[in-house]
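Enquirer: The structure under discussion is supplied below as structure tokens; questions concerning it will follow.
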Amino acid sequence: MADALPTPRERAGRLERLRLGLALQLETAGGRHDEPEIYGGPPGDPGLAGGPGSVSWEVHGDLASVAAAGTAAILLEVLHPSVMAGVAEHSSYRTDPLRRTRNTLGYVLRTTFGSTEAATRVIEGVKRVHAGVVGTRPDGAPYRALDPELIAWVHTCIPWAVMTAFDRYARPLRREEKDRYLAEQAVIGRLGGADRVPESVSELEEYVERMRPKLALTEQTLAFLDFVAGRGDDLGVGRLERADRWTSIRSSMSLMPAWARRLTGTYQPALVERLWLRPSERLKGALVRWSYAELPCKRMALARASAAAPRGAATAAA
């Protein structure tokens, strides 16, 4: 006798289990980000990035766009030889490969959705850690992580990549919205210690062109790229995972200009991008949005920012 077809309730139950399983995988890789001490706080506090109605809250509330941009942002950062030297000599990317990804995601979400006090505390904490990141590059040039130029570059790579991902895979952003987003994010960059950061698309374009001569593919960068791609017998990365990484790296880097893709060895013909990389990223993005429709941190931040301050608070503060 043939098995009975699943009932609508059974099908719904299976889909829900699948959704929860995918959500758990996302949380395992990137964290849950629901700490009350970060995302709670004073009623009515919008945080550093503009609060409800800001472009930053919309863009960073789309986990799929932030995830799609993550690899590109990190690879752009380490194209600066001083940033790469600091990562190579002071980070644990080989022993804890997910840590930098988690830290980058956590920094984006906490500085965007955290209360003003908590977000500022996160930024100051990163600065304290980076105070000890000093050294000499293999070419003999000294570096320090708190160099305002390096902070500006690392800061800029993140909103540049995330904004591009959101514009491509979520909804097109108007030029004015992009300018607003970059201006909102510039507040965070300056608090982080950057000297000057782009606050508009035109400033971003000019800034990137000024930085290009300072970027290079060093031996340390090549080793980092090999590690990210899973190349090397000592990494224990199987053929299927390497193929998945190949696609993910190039899908993310397709957000960046052709010169950056050529420099990192991730350039692919337009046909490959159109028929494989972009459809693959759209599918992953759809799965992320289905399984994780709302970030807990955004929900908590919205409750905080939308809450009315207690009566008498304004009088007492005055």
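Just so you know, all these numbers are worked out from the coordinates, no wet-lab data involved. Quick caveat, the model's predicted, so the values are computed rather than measured. Note: ideal-geometry Cβ built from the backbone for every residue, glycine included; neighbour counts use all protein chains shown.
Enquirer: Region 208-318: D in µm²/s via Stokes-Einstein (Kirkwood Rh, Cα pairs, 20 °C, 1.002 mPa s)?
Expert: Answer from the Stokes-Einstein relation: 118 µm²/s.
Enquirer: Something else: With +1 on each Lys and Arg Cβ and -1 on each Asp and Glu Cβ, and nothing else charged, work out how big the dipole of the chain is about its Cα centre, in Debye to the nearest 20.
Expert: Working: 43 positive and 38 negative charges, 135 e Å.
Charge dipole, the chain, about its Cα centre: 640 debye, nearest 20.
Enquirer: Would you mind giving the three semi-axes, in whole Å and largest first, of the ellipsoid equivalent to region 119-254 according to its Cα gyration tensor?
Expert: Those come to 28, 23, 15 Å.
Enquirer: The list (1) 32, 59, 8, 0; (2) 21, 41, 22, 8, 6, 2, 0; (3) 29, 57, 12, 1 gives values of P(r) over Cα pairs in 20 Å bins from 0, in percent, and only one came from this structure; which label was calculated from it?
Expert: So the calculated entry is the one marked (3).
Enquirer: Strictly greater than 23 Å: what percent of every Cα pair in region 42-184 meets that? Kindly include the intermediate steps, with their values, before the conclusion.
Expert: Working: 3837 of 10153 pairs.
Counting every Cα pair in region 42-184, those more than 23 Å apart make up 38 percent.
Enquirer: To the nearest 20 debye, what charge dipole does region 163-279 have about its Cα centre, counting +1 at the Cβ of each Lys and Arg and -1 at the Cβ of each Asp and Glu?
Expert: Numbers: 20 positive and 18 negative charges, 76 e Å.
Charge dipole of region 163-279: 360 debye, to the nearest 20.
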